[in-house]
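A short worksheet on the structure shown next.
The values are calculated or read from the model by the stated rules, or taken from the named source; none is laboratory data. Model, not experiment: these values are computed from the prediction. We place every Cβ from the backbone using ideal geometry, glycine too, and count neighbours over all the protein chains shown.
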């Protein structure tokens, strides 16, 4: 009863007319997602670090910049396995993957593309003796 009087005071109603019970459903299970793209840095120290990278990529709004230097120095076979797994997931998500230098790999989701510039071959002489 008190609630109805307070409700009428806020709504500006003065009579005792029946106010319909209105309610708003809130889905607590749904998280509000930020639609901005996140550029996230990762350091690949061992093969198990791949899981965190793949989870971030599957969210769809993450561009991963991966430093592979530590794993490359430690175990090149494990590095190949890790990069292979990242590449397979990237292909399944229709994303792009590219290496920059010897120690950096960048992975993007499907909405972003990595521009890969093909180096032009050097001008070679037509004859060996020129």
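Across region 89-111, the qualifying residues are those that are surrounded by 13 or more Cβ atoms within 10 Å (Cβ to Cβ) and part of a loop (DSSP other than H, G, I, E, B), and the one among them that is nearest to the chain's Cα centre (by Cα) is 109. Among the conditions (1) in a helix (DSSP H, G or I); (2) surrounded by 13 or more Cβ atoms within 10 Å (Cβ to Cβ); (3) at pLDDT 80 or above, residue 55 misses just one, which is (2). One residue alone among 94, 78, 59, 117 is under 17 Å from residue 41 (Cβ atoms) and out of contact with any strand residue (DSSP E or B) (no Cβ under 7 Å at 6 or more places or on another chain), and that residue is 59.
Where residues in region 35-44 are in a loop (DSSP other than H, G, I, E, B) and touching a strand residue (DSSP E or B) at 6+ places or on another chain (Cβ under 9 Å), which of them is surrounded by the most Cβ atoms within 10 Å (Cβ to Cβ)?
44
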